[in-house]
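Novice: Quick one: the structure is below, and I'll ask about it shortly.
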Amino acid sequence: MGFEAMWDALAAVGRDRASGGYRRFAWSDADMACREWFAGAACERGMALVEDGNGNAFAWWGDLDAGNAVLTGSHLDSVPDGGAYDGPLGVVSAFAAVDALRERGVEPRRAVGIASFADEEGARFGIACAGSRLLTGSLAADRARGLRDRDGVTLAEVLRGRQRNPDRLGPTPRLLDRLGCFVELHVEQGRGLVEHGAPVGVASAIWPHGRWRFDFRGEANHAGTTPMRDRRDPMLTYAMTALAANKQARLADARATFGRLDVAPNGTNAIPSRVQAWLDARAPDEATVKALVDQVTRQAEERAGRDGTDLTVTMESVTPAVAFDGSLRDRVARVLGGVPVLSTGAGHDAGVLQAAGIPTTMLFVRNPTGVSHAPDEYAEPSDCAAGVTALALLLQELVT
Ligand code: HGY
Ligand code: MN
Ligand code: MN
């Protein structure tokens with residue numbers, strides 16, 4: 001199967017007809033169908049399929065035990081109503097690049113692996129890059145086992161339901177010790193390459209970022225009979241917090257987003273008893289992220305005091321800044337003849353692997369609108385083909 005056929009085979013999996021976006025949440029039926037697709041693509045090429053204890057799937061060409069292996073790939077899960085490209089472009093391009101190497105008769109001196117990392121978006125259990133974090137040990141297995149989805153079901157229970165053993169969650173030293181480098185190709189989630197007029201770029205760094213849960217608690221009561229002065233309304237405290245986050249992020253040249261809310265009891269004619277809201281905060285440096293979250297928390301607490309509500313802020317995950325391997329980036333520049341170098345505010349498994357000491361690089365493919373984490377995410381077929389060509393050239397350089 002060539003690139004288009006692979007792309008078409010994945011296109012319908014987990015796509016919501018109404019929104020046109022993808023809902024490929026970890027271990028959902030759609031995610032299982034993506035796993036089947038991955039296994040089929042590996043099998044079709046005679047690549048050895050291996051799943052680690054964390055649900056990360058790998059397709060291998062060559063003997064991993066030879067060491068210094070070159071890993072590429074990305075992820076197949078999505079955010080709620082995500083686009084088609086974030087993740088799948090890297091996996092499909094990886095298979096297409098392996099095909100290109102084989103057509104050229106390349107005989108790799110070290111194993112080439114294609115990864116599909118589990119739960120990169122953290123859309124179901126809240127922790128982004130859960131699969132690669134578990135693999136590298138930056139997410140503890142005990143904590144992961146107890147993570148709950150929106151229905152209160154733990155990851156351990158979900159894994160058992162999919163015939164996986166939660167006791168196997170955790171680092172996989174046999175794999176990590178044999179990895180020489182990782183290359184993730186990804187659709188760009190911004191317009192940097194549009195501005196450069198280039199189809200392909202290389203990443204320099206990932207901004208530090210994190211997720212914080214704000215729990216606002218107040219008093220449930222009647223919307224019609226409770227005078228405004230008698231209310232303890234957590235929605236008000238939340239609303240002011242969202243405005244404060246927006247203002248502070250603008251002032252600091254950072255990013256702050258409340259994109260997920262859980263309101264109880266969620267009735268039109270009742271003052272809520274509880275509002276849970278998740279803050280996603282990012283900035284070019286860690287001090288700015290910290291100052292931003294501290295400032296938003298302070299303003300939220302101050303407002304809670306005035307509203308008669310309570311607030312607890314819980315850090316759910318924080319990812320420090322990552323600078324990708326410089327010598328690998330120089331090799332990319334040599335092989336591709338110089339491409340734009342971009343930093344990004346988006347998180348990736350590539351960042352987790354680089355932070356774990358595995359030399360890592362990322363190739364970005366132009367996104368004409370820059371839209372991502374939304375159904376309109378897009379890349380032109382000719383740019384996708386340029387991405388495959390670039391990845392194949394780079395892999396060839398790395399394995400021969
Ligand atoms: O949220 C992120 O930055 C990434 O796309 N997982
Ligand atoms: Mn994403
Ligand atoms: Mn992604």
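Novice: Which one of the conditions (1) within 16 Å of ligand 3 (Cβ to nearest atom); (2) surrounded by 20 or more Cβ atoms within 10 Å (Cβ to Cβ) does residue 54 fail to meet, given that it meets all the rest?
Specialist: Single failed check for residue 54: (1).
Novice: Hey, among 281, 256, 203, which residue is of a type outside the set (Val, Ile, Thr), in the same structural domain as residue 339 (by TED's automatic domain parsing), within 16 Å of ligand 1 (Cβ to nearest atom) and touching a helix residue (DSSP H, G or I) at 6+ places or on another chain (Cβ under 8 Å)? Walk me through it before giving the result.
Specialist: Numbers: 281 fails: in the same structural domain as residue 339 (by TED's automatic domain parsing); 256 fails: in the same structural domain as residue 339 (by TED's automatic domain parsing).
Of the residues listed, the single one that is of a type outside the set (Val, Ile, Thr), in the same structural domain as residue 339 (by TED's automatic domain parsing), within 16 Å of ligand 1 (Cβ to nearest atom) and touching a helix residue (DSSP H, G or I) at 6+ places or on another chain (Cβ under 8 Å) is 203.
Novice: Identify the residue in the stretch 107-118 that is out of contact with any His (no Cβ under 8 Å at 6 or more places or on another chain) and open to solvent by less than 20 Å² (accessible area, probe 1.4 Å) and, among all such residues, is farthest from ligand 3 (Cβ to nearest atom).
Specialist: Going through the stretch 107-118, the residues out of contact with any His (no Cβ under 8 Å at 6 or more places or on another chain) turn out to be 107-115.
Of the ones still in play, those that are also open to solvent by less than 20 Å² (accessible area, probe 1.4 Å) are 111-115.
Details: 111: 24, 112: 21, 113: 18, 114: 15, 115: 12 Å.
Within the stretch 107-118, the match that is farthest from ligand 3 (Cβ to nearest atom) is 111.
Here's the yes/no breakdown for (1) among the hydrophobic types (A, V, I, L, M, F, W, C); (2) under 22 Å from the mean Cα position of the chain (by Cα); (3) more than 25 Å from residue 181 (Cβ to Cβ); (4) within 16 Å of ligand 2 (Cβ to nearest atom):
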| position | (1), (2), (3), (4) |
| --- | --- |
| 358 | yes, yes, no, no |
| 384 | yes, yes, no, no |
| 392 | yes, no, no, no |
| 396 | no, no, no, no |
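Novice: Here's a follow-up. Kindly list the number of the only condition in (1) under 24 Å from residue 74 (Cβ atoms); (2) within 16 Å of ligand 1 (Cβ to nearest atom) that fails for residue 327.
Specialist: Exception for residue 327: condition (2).
Novice: Still on this structure, I have one more. When only residues in the stretch 214-230 that are open to solvent by less than 60 Å² (accessible area, probe 1.4 Å) and in contact (Cβ under 8 Å) with a residue 60 or more places away in the chain count, which is farthest from the chain's Cα centre (by Cα)?
Specialist: Across the stretch 214-230, the extreme among qualifying residues is 218.
Novice: Does residue 20 meet the test of being among the small types (Gly, Ala, Ser), more than 15 Å from ligand 3 (Cβ to nearest atom), assigned to a loop (DSSP other than H, G, I, E, B) and open to solvent by less than 10 Å² (accessible area, probe 1.4 Å)? Steps first, answer last, please.
Specialist: Details: among the small types (Gly, Ala, Ser): yes; more than 15 Å from ligand 3 (Cβ to nearest atom): yes; assigned to a loop (DSSP other than H, G, I, E, B): yes; open to solvent by less than 10 Å² (accessible area, probe 1.4 Å): no.
Here the answer is no, as residue 20 does not meet what is asked.
Novice: Given (1) open to solvent by less than 20 Å² (accessible area, probe 1.4 Å); (2) over 20 Å from residue 315 (Cα atoms); (3) in a strand (DSSP E or B); (4) not charged (D, E, K, R), where does residue 275 come up short, assuming only one miss?
Specialist: (2)
Novice: Within the stretch 90-101, can one find any residue that is in contact with a Gly (Cβ under 6 Å, 6 or more places away or on another chain) and surrounded by fewer than 24 Cβ atoms within 10 Å (Cβ to Cβ)?
Specialist: no
Novice: Still on this model: Keeping to the stretch 335-362, report how many residues are over 28 Å from residue 278 (Cα atoms), touching a helix residue (DSSP H, G or I) at 6+ places or on another chain (Cβ under 8 Å) and more than 16 Å from ligand 1 (Cβ to nearest atom).
Specialist: The qualifying residues number 8.
Novice: Of all residues in the stretch 240-272, count the ones that are more than 26 Å from the chain's Cα centre (by Cα), surrounded by fewer than 16 Cβ atoms within 10 Å (Cβ to Cβ) and closer than 18 Å to residue 213 by Cβ.
Specialist: Count: 2.
Novice: Hey, could you check the stretch 167-201 for residues that are closer than 17 Å to residue 358 by Cβ and among the aliphatic types (A, V, I, L, M) and say which is most open to solvent (accessible area, probe 1.4 Å)?
Specialist: 176
Novice: Run down 42, 66, 30, 48 and say which single residue is over 18 Å from the mean Cα position of the chain (by Cα) and within 25 Å of residue 381 (Cα to Cα). So that I can check it myself, show each step before the final result.
Specialist: On the way: 66 fails: within 25 Å of residue 381 (Cα to Cα); 30 fails: over 18 Å from the mean Cα position of the chain (by Cα); 48 fails: within 25 Å of residue 381 (Cα to Cα).
Testing whether each residue is over 18 Å from the mean Cα position of the chain (by Cα) and within 25 Å of residue 381 (Cα to Cα) leaves just 42.
Novice: Any residue in the stretch 338-349 that is touching a Cys at 6+ places or on another chain (Cβ under 8 Å), farther than 24 Å from residue 98 by Cβ and assigned by TED's automatic domain parsing to the domain that holds residue 93? Full working, then the answer.
Specialist: Keep residues of the stretch 338-349 that are touching a Cys at 6+ places or on another chain (Cβ under 8 Å), which gives 347-349.
Among the residues that remain, those that are also farther than 24 Å from residue 98 by Cβ are: 347.
Remaining after also requiring assigned by TED's automatic domain parsing to the domain that holds residue 93: 347.
So far as the stretch 338-349 goes, yes, one or more of its residues are touching a Cys at 6+ places or on another chain (Cβ under 8 Å), farther than 24 Å from residue 98 by Cβ and assigned by TED's automatic domain parsing to the domain that holds residue 93.
Novice: Related question: Can you pull out the residues in the stretch 279-293 that are within 17 Å of residue 214 (Cβ to Cβ) and open to solvent by 60 Å² or more (accessible area, probe 1.4 Å)?
Specialist: If the condition is that a residue be within 17 Å of residue 214 (Cβ to Cβ) and open to solvent by 60 Å² or more (accessible area, probe 1.4 Å), then 290 is the only one that fits.
Novice: Is one or more of the residues making up the stretch 23-32 touching a residue at least 24 places away in the same chain (Cβ under 8 Å), more than 16 Å from ligand 2 (Cβ to nearest atom) and surrounded by 23 or more Cβ atoms within 10 Å (Cβ to Cβ)?
Specialist: no
The values are calculated or read from the model by the stated rules, or taken from the named source; none is laboratory data. Worth saying up front: this structure is predicted, and the values here are computed from it rather than measured. Backbone-built Cβ (ideal geometry, glycine too); neighbour counts: all protein chains shown. All accessible areas refer to the heavy atoms of the entire protein, side chains included, with ligands and DNA or RNA removed. Shrake-Rupley method; radii C 1.70, N 1.55, O 1.52, S 1.80 Å.
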